[in-house]
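First the structure, in the form of C-alpha cells, and then the observations on it.
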Amino acid sequence: MARMTTRLAAWIGTLLFLTPVLGACSAVRGGDWRLARRDSSEQSPDPGTTPDAVIQVFAARAVGWRGVLGVHTWIAVKPSGAAAYRRYEVIGWGVDRGFPAVRVDRAGPDGYWFGSRPQRLVDVRGPHVDALIAKVEAAVATYPYPSTYRLWPGPNSNTFTAHVGRGVPELRLELPPTAIGKDYLGSTVAAVTPAGRGVQLSLFGLAGILAGWDEGLEVNLLGLTFGLDLNAPAIKLPGVGRLGFP
C-alpha cells in the first residue's frame with residue numbers, strides 16, 4: 001500500500017511538471033516575430049464614442065519559447081472625454097542599452113502581442129474611474145524598478161502590473177498563474193496580493209505562498225505557480241493556467 005501511494009504521488013508530481021510543456025507548447029508561434037499580428041483585438045471601446053473613463057488590463061502569451069510558460073501583461077487607461085488611451089507596460093528589449101523598462105504608448109490598448117490575442121483581465125468604466133486612473137498613474141510613478149528588467153524571476157512586465165494592482169486594489173486584479181514575475185517582491189518578504197484582498201510571502205520570487213479572496217491559495221516554486229481557486233473553483237498549473245470555472 002505504501003509503495004502504491006509513493007508511486008501515485010510520483011505520477012502526480014510528474015504530471016504537474018510535464019503539463020506546462022505538453023499543454024502549453026502550442027503557445028510557441030513559428031515564423032518571423034517581426035511580421036506577427038499586432039493590430040487591435042477590438043476589446044477596448046472606441047474613445048470617439050465612449051466618453052466615460054476606462055481602465056483595462058490585458059495578458060497575452062509571451063513571444064517565442066517564453067510563451068510556453070508565461071504571459072506578458074499591460075495596463076491601458078482612458079480618462080473621461082479623452083481622445084485616446086494611454087498604455088503602460090514594462091518591456092525588456094533595450095534596457096541593457098539604457099532604455100527605460102517602463103514604456104508608455106508603445107502600442108494600442110488591446111493589440112495582439114506578436115500574434116497572441118490578449119485576454120482581458122480587468123475592464124472598469126464610468127465617472128468614478130477617473131479617480132482610479134490617478135491612482136494607476138501614481139503607482140506607475142512609484143514602480144521601484146524603472147530601469148531594471150530580468151526575465152526570471154523578475155522584475156519584469158508582470159512584476160510591474162502586480163505593483164500597480166497593489167496600488168489600486170479597487171481593480172481587484174487577479175493575475176493568471178502564468179504571469180511569472182508577479183510574485184517578485186525584491187527584498188520585501190510580505191505584501192498584499194495584487195487583487196488587494198489577501199497576503200503573500202515571497203523569497204525573491206523563487207519561493208512563496210499566497211492566500212487571497214480573489215486568487216485563492218497559490219504556491220510559488222522557482223517562479224512557477226501551483227494553486228487552488230475556491231471562489232471560482234479551479235486548479236492552477238504552470239504554463240496551462242486555470243483549469244476549471246472561468
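Every number in this text was worked out from the coordinates using simple rules, so none of it is lab data. Since the structure is predicted, the reported quantities are computational estimates derived from the model, not experimental observations. FYI the Cβ positions are ideal-geometry reconstructions off the backbone, even for glycines, and counts take in every protein chain you see.
What the table below lists for this structure:
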read-out: Principal-axis tilt of helix 129-141 within the chain, Cα atoms, nearest 10 degrees; value: 70 degrees
read-out: Between region 188-219 and region 139-159, the Cα center-to-center distance that results, in Å; value: 17 Å
read-out: Stretchable slack from Leu35 to Ala211, in nm (0.36 nm times residue separation minus alpha-carbon distance); value: 59.3 nm
read-out: ³J(HN,Hα), Karplus 6.51/-1.76/1.60, whole Hz, each residue of region 39-55, x for Gly, Pro; value: 7, 5, 8, 6, 10, 9, x, 5, x, x, 10, 10, x, 5, 6, 9, 10
read-out: Dipole magnitude of region 22-244 about its Cα centre (Cβ charges: Lys, Arg +1; Asp, Glu -1), debye to nearest 20; value: 480 debye
read-out: Theoretical FRET efficiency, 1/(1+(r/R0)^6), r = Cβ-Cβ of Val189 and Ala82, R0 45 Å, to 0.05; value: 0.70
read-out: Top of Leu230, Leu175, Leu201 by mean-square fluctuation, Gaussian network on the chain, Cα under 10 Å; value: Leu230
read-out: Additional length obtainable on full extension of the chain from Leu203 to Leu243, 0.36 nm per residue less Cα span; value: 11.7 nm
read-out: Order of Thr50, Thr188, Thr159, Thr193 - criterion: other Cβ atoms within 10 Å of each residue's Cβ, fewest first; value: Thr188, Thr50, Thr193, Thr159
read-out: Partner lysines for Lys236 [C-alpha distance under 23 Å; skip if fewer than 8 residues away on the same chain]; value: Lys182
read-out: Lys135/Trp93 FRET efficiency (R0 25 Å; Cβ-Cβ; nearest 0.05); value: 0.35
read-out: Gaussian network model of the chain, Cα within-10 Å springs - most flexible of Pro109, Pro194, Pro146; value: Pro146
read-out: Sum of side-chain charges, Gly239 neighbourhood, beta-carbon under 12 Å (Lys, Arg +1; Asp, Glu -1); value: +4
read-out: Gain in span if fully extended, Arg125 to Arg150, counting 0.36 nm per residue against the direct Cα distance; value: 5.7 nm
read-out: Gaussian network model of the chain, Cα within-10 Å springs - most flexible of Ser157, Ser40, Ser116; value: Ser40
read-out: As computed over region 22-244, the Cα convex hull volume per residue (Å³); value: 118 Å³
read-out: Charge dipole (region 22-244, unit charges on Cβ, about Cα centre) - positive-most of Phe99, Thr159, Gly208; value: Phe99
read-out: The chain - mean residue ellipticity at 222 nm from DSSP helices (-39,500 (n - 2.57) per run, n ≥ 4, rounded to 500); value: -6500 deg cm²/dmol
read-out: About the Cα centre, charge dipole magnitude for region 87-180 (Lys/Arg +1, Asp/Glu -1 at Cβ), debye; value: 160 debye
read-out: Computed Rg/Rh of region 65-163, alpha carbon atoms with Kirkwood Rh; value: 0.96
